[in-house]
Amino acid sequence: MSDTTPHLGLPLIAASQAQKHVTHNEALGLIDALAQLACLDKDLIAPPPGPAEGDRYLVAAADPGGAWAGLAGQMVRYADGVWTGAAPRAGWLAYLIDEADLYVFDGAAWTSFRRTLTAVQSISRLGINTGADATNRLAVKADAALLTWDDATPGSGDMRIFVNKRDATRDAALVLETGYAARALLGLLGSDDVSLKVSPDGAAFATALTASARTGGIDFASTETSLAAAATTDLGGTGTRRVLVTDAGRITRFGTAADRERFVRFTGGATLVHDAESLVLPTRADIVTAADDTCIALSDAAGRWRVWHYQRADGTPLATGARRAA
């Protein structure tokens, strides 16, 4: 049977031992030294002058001198005028008062816990203010998140986020959600072209635009929205660039949405009413539309609309004649 405890090496009182109090007091002294271990320093290579009773140090030096000779790697304490050492075991923790840092002994050396945290490697998941899971291995719950250029190392001044996919047929995308239901997808969606897709319900998506990886050209995809002719035929409220105006009726304005552009096609005999303030027409007069006539209409910052070009179904543009004040 060992005469010391297995973890702290505390001396045990033997049967029929004389002066048992000596062994008992030695054990209490070790417990006092090792429990709640807080050391003053770890960088000294020899004992400091004038130590106080109970002072503790980690001896990190490979070849310490003076009364610490032979105590390399140990925790040393000053008691009754003598320095004594205790060999650490793997898993021991020690707080370094001068560094305000926690150190852990890994079986070979003392390592800063703070420095370990600043170089975390290969963790399986991380949740910040929330729980991560097998799908969302990184989860952050916050009002904002900041990624900024490195001004400490120092860095180059750049800040780039890389999203890498396996091959061209997969997705590398930013998903924007409302109530955890996708409303917009932006990125490389099933190809190497950049696409923006939108959805009202998170199930059906429409492609709003595509930028070609090969040519750099941008294609604005848009369905043609039907809108019945009325006094106010609100082109700006359709949400699409192409609008089909149906039925007959007098149209005095295209709404008040600012800075919009619309490509308009007509199905029949509506009447566009020229107005210098709300609906400026290229003829400076009313226009009666016909089936498959088209026009380009734009609004300014104040929401005033102007038809910049009107073309008949057979391809003939309307003649505007000499320009004059409205």
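Data for the structure
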read-out	value
Farthest toward positive dipole pole in the chain [+1 Lys/Arg, -1 Asp/Glu at C-beta], among Leu227, Leu93, Ile161	Leu227
Label of the coordinate-derived value, mean projected area of the Cα convex hull in nm², listed as (i) 32.3; (ii) 17.1; (iii) 21.7	(i)
Antiparallel content of DSSP bridges confined to the chain, in %, to 5	70 percent
Whole-Å distance, taken between Cα centres, linking the range 233-292 and the range 147-165	49 Å
Radius 13 Å from Cβ of Thr252, net charge of other residues (Lys, Arg +1; Asp, Glu -1)	-1
Backbone HN-Hα couplings from phi across the range 81-91 [Karplus 6.51/-1.76/1.60, Hz, Gly and Pro as x]	x, 10, 8, 10, x, 10, 6, x, 10, 4, x
Three-way shape call for the range 171-232 based on the alpha-carbon gyration tensor, with the a/c threshold at 1.5	oblate
For the range 243-326: rounded, prolate or oblate by the Cα gyration tensor [a/c cutoff 1.5]	oblate
Furthest towards positive pole of dipole, Gly237, Ala270, Leu37, structure part the chain, Cβ charges	Ala270
Per-residue [θ]222 nm for the chain (sum of -39500 (n - 2.57) over DSSP H runs n ≥ 4, rounded to 500)	-2000 deg cm²/dmol
Where GluC sites (Glu not before Pro) in DSSP loops with at most 15 other Cβ within 10 Å are excluded, longest remaining stretch of the chain	100-276
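No value in this document is a laboratory result; all are computed from the given coordinates. Keep in mind that what you see is a predicted model, and the values were worked out from it rather than measured. We place every Cβ from the backbone using ideal geometry, glycine too, and count neighbours over all the protein chains shown.
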